[in-house]
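Scroll down for the structure; my scribbles are underneath it.
The values are calculated or read from the model by the stated rules, or taken from the named source; none is laboratory data. Just so you know, these numbers come straight off a predicted model, no measurement behind them. Virtual Cβ from ideal backbone geometry, glycine too; neighbours counted across all protein chains shown.
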Ligand SMILES: [Mg+2]
């Protein structure tokens, strides 16, 4: 749906009771009861044939896996430890049963990998394309969920992994950064986070805006995936490898903001398997900017998938 309508929902439900993080972030956080030291984190995502994947072109197992993975990525963006998932399917006739089996054969191994219990859902059959709706539930330490709005002036912007060209494979086969999120939440003070679903530049701009600051990125420091380079070689008219990294989306990496000292410790941490890189910082000037050479700042128009 269009951004303006979604923004109106965020406004309308901003003060619902019982929520410590309302609608509008990567996931919602439900208030903990008295004496409880953890809060529930809940997110939901619906994937549709023809929009998020093309069932005619891929093994349905990969679609099932992706449907769970995008939800786990949103939990990771809150610093949450996943607990359970609910799987709802609208299956096209006639081979609904076989399709359901394939979907589950893709998502169950991912659930096992991250200790997620399949806790329920709904399975319906109809004469329309496949839709998969998954709700994932996790927990965070009370009051410690990573929000988009927690960024502070002079924070560094860190990113896991590399960006761009996800259409060549990664948008289906990515590993949600669950382990990294759980580890970082336990050991470090992260001020703000978001996962990159729509586009690196767009999602950084969203985090900066939610935090009431601007974003400044250093293009030379952005880790560019080999797939972005491949796309740029295939068709230079569609942009450089950096353009792909900034705007392709569906990378499902994490953007994290914290103060310099903490950021340096994270980058040097040997316990992390996935590289974490500093790609910029939060600054006073609203909007998204890039440092083109040593002292020149130019405006960046955030790019990515607009719903
Ligand atoms: Mg997200």
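Some notes on this structure:
- The range 215-237, residues that are under 11 Å from residue 280 (Cα atoms) and either within 20 Å of the chain's Cα centre (by Cα) or crowded, with 21+ Cβ neighbours inside 10 Å (or both): 215, 216, 217, 222
- Scanning the range 241-256 for residues that are in contact with a strand residue (DSSP E or B) (Cβ under 6 Å, 6 or more places away or on another chain) and either surrounded by fewer than 24 Cβ atoms within 10 Å (Cβ to Cβ) or farther than 28 Å from residue 52 by Cβ (or both) yields one hit, 241.
- Test: residue in the range 66-89 that is modelled with pLDDT of 95 or more, over 30 Å from residue 161 (Cα atoms) and in a strand (DSSP E or B): yes
- With respect to being touching a helix residue (DSSP H, G or I) at 6+ places or on another chain (Cβ under 6 Å), modelled with pLDDT of 95 or more, within 22 Å of residue 102 (Cα to Cα) and within 16 Å of the ligand (Cβ to nearest atom), residue 26 falls outside the description.
- Within the range 125-218, helices (runs of 4 or more DSSP H) holding 2 or more residues that are under 24 Å from residue 41 (Cα atoms) and within 14 Å of the ligand (Cβ to nearest atom): 178-187, 200-210
- Among the residues examined, residue 73 does not qualify as in contact with a strand residue (DSSP E or B) (Cβ under 7 Å, 6 or more places away or on another chain), surrounded by 11 or more Cβ atoms within 10 Å (Cβ to Cβ) and more than 30 Å from residue 106 (Cβ to Cβ).
- Odd one out for residue 181, checked against (1) buried (at least 20 other Cβ atoms within 10 Å of the Cβ); (2) in contact with a helix residue (DSSP H, G or I) (Cβ under 8 Å, 6 or more places away or on another chain); (3) over 15 Å from residue 255 (Cα atoms): (3)
- The listed residues are 127, 122, 98, and the only one of them that is surrounded by fewer than 23 Cβ atoms within 10 Å (Cβ to Cβ), touching a strand residue (DSSP E or B) at 6+ places or on another chain (Cβ under 6 Å) and more than 30 Å from residue 203 (Cα to Cα) turns out to be 122.
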